[in-house]
Structure formats: C-alpha cells, structure tokens
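The structure appears right after this line, and notes come after that.
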Amino acid sequence: MDINLLPNERIDDLQFKNLRIIQHETAFRFGMDSVLLADFAAPRPNDRVMDLGTGSGILPLLLYMREPSCRYHGVEIDKEALYRAQRTLLLNDIGEDRIALFHGDIRKIGASFAANSMDLVVCNPPYHIAPGGEVKNGGARMEKTCTLQDVCYAARFLLINRGRFCMVYPAVRLQEVCLTLAQNGLSLKRLRFIHHESRRPPKLMLLEAYMGAKMGETQVLPPLVIKENGEDSEEIRRIYHMD
C-alpha cells in the first residue's frame, strides 16, 4: 500500500515478518526496551490488550505478530505520533478490528475506555522526572504528561481482576515502583533485570504485576544480558529473530 510521508518521515524495515514502521527523523523513536517488553509481556490467546502511550505503535504491532488472536488497543496524547502509528497499520495492512489506536490522555483514561475492560495492559512510560525548561522529545522521555502514578492508576482502572500489567522501567526506581503498584492494588509477581553486559549493573527492568492479587512472592527471573563478549547474546538473537 502506498503511504504518503510527511517531511522528515521515513519507513524503517523491522526485519521481522515484513513489518515496516513510519518514524520521524527528529521525534522520539522506539528502542530495544520496547522490543524486550513485547517479548516479556507474552499476551495470551484472545486477550484484550491496551498499550498506554503507544507512540509509534511498536508494542501493539509486535504483540499482534506474536499473538494475532488478541484485540489490541493503544492510546496516545501526541496527535502527530498517533497519525504516524495509524499510517503504520495501513502500511502493514492491519485493520482496526485487530489494532485500534486512539487519541487520549492516560490521566483521563476513564473518558475513553470502560473500567475492567482489559486482560493485559502494557506500557513503556517516560523514565525520568521532568526538569525545568524544555527537553528534546520531553513528552516521551520525561514525566511531563504522565507520571508513574498516572500509569499505574490507568492500569488499575482498565484491568479485570487478576489481569496483568507489564512495564519496562529504570532499575534504580524499583522501590518507587513497588510502592506505587501496591498503592493501586497491583501486586508485583515477576521481575527481570536487563544488563548491557553481565559485569555491569542493570539499567532497566521488566516487571509484571497482577490486579487484585494478594501480596506474596515475586519471581525474579535470570538477568537478561544484551552483550556477551562484545557480541549479541543468544537471547537477544532469539528476541530479534536473528538466527
């Protein structure tokens, strides 16, 4: 399908099942963290899935290719990013009956979606507390339009009882994450740290929390190491379908 590109837009090949994505040269572009989260979240057949702050639409796109029986939704506050994501779906011939993307504010999630309507919520949220002044791609990188509390509340609102919330987040904010999840009735059940190299401390973590579950043990998975002896690890090669 022919798609009209706007100035400074380009089409990137994801090198997986012929998927392509429209990205802007100067706007925030998805990274490895989204790819790792899509692999970690692992939707179940026929799940109703919501991506909070969908951006380029990369998470619904990758999750759909993993489990096409699900019904995917995404909400995004940036209209320009949303338009790129919607055209990406057209580019890949994916209809709104499988992935539906909406303009909206995570902080007002109840205005657009019903409570207890999702089985799985995923999010790759802004990582950093916003400083004063303007920051390049600040809406995607800094907590300007949503905070960790906003994200966890939205997940709580959307999820059915025992529904799952999966997120990627900086490892140094683990204590804050645990507290904020608990404040919103979400119990941390699965945790995995991401290391660039095994000898370095983790920069990011993948986590899964259940809505309405009792507080209990958290399964801490083996670390996900990106590089081994300067080369992509076996797991990264699996996730990126390199072999």
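The values are calculated or read from the model by the stated rules, or taken from the named source; none is laboratory data. Note that the coordinates shown come from a computational prediction; the quantities given were computed from them, not determined experimentally. As a convention, Cβ positions derive from the backbone with ideal geometry for all residues, glycine included, and neighbour counts pool all protein chains shown. Accessible surface areas use protein heavy atoms only, side chains included; no ligands, DNA or RNA. Shrake-Rupley method; radii C 1.70, N 1.55, O 1.52, S 1.80 Å.
Within the chain, all pairs of alpha-carbon atoms sorted by distance into 10 Å bins from zero give the percentages 7, 32, 38, 20, 3, 0.
About the centre of its Cα atoms, region 164-214 shows a dipole size close to 140 debye [charges on the beta carbon of Lys, Arg (+1) and Asp, Glu (-1) only; nearest 20 debye]. Each DSSP beta bridge with both residues in region 1-138 is either parallel or antiparallel, and the antiparallel ones are about 25%. Tally up the carbon and sulfur contribution to the accessible surface of the chain as a whole percent, 1.4 Å probe, everything protein left in place. In the chain, the share of accessible area belonging to carbon and sulfur is 49 percent. I need the calculated FRET efficiency for the pair residue 10 and residue 90, taking r as the beta carbon distance and R₀ as 25 Å, to the nearest 0.05. Here the calculated transfer efficiency is 0.95.
Taking every protein chain into account, the accessible area of the chain amounts to 51 square angstrom per residue (probe 1.4 Å). Note on region 1-132: Kirkwood hydrodynamic radius from all Cα pairs is 15.2 Å, rounded to one decimal. Only lysine pairs 8 or more places apart or on separate chains count here, and in the chain those with Cα atoms under 30 Å apart total 20.
Out of all DSSP beta bridges in the chain, what portion is antiparallel? Express it as a percent rounded to 5. Here the antiparallel bridges make up roughly 45 percent for the chain.
With no solvent and one equal point scatterer placed on each C-alpha of region 142-243, evaluate the Debye formula and give log10 I(q)/I(0) for q = 0.17, 0.19 Å⁻¹, two decimals. Taking Cα atoms of region 142-243 as identical point scatterers yields -0.82, -0.95. With the cut-off at under 17 Å, measuring from each backbone N in region 200-234 to a point 7 Å along the Cα-to-Cβ line of residue 162 picks out 209-217. A full extension of the chain between residue 232 and residue 171 corresponds to an added length of 19.8 nm, given 0.36 nm per residue minus the alpha carbon distance.
Relative contact order for the chain: 15 percent, from Cα pairs under 8 Å spaced at least 6 residues apart, divided by residue count.
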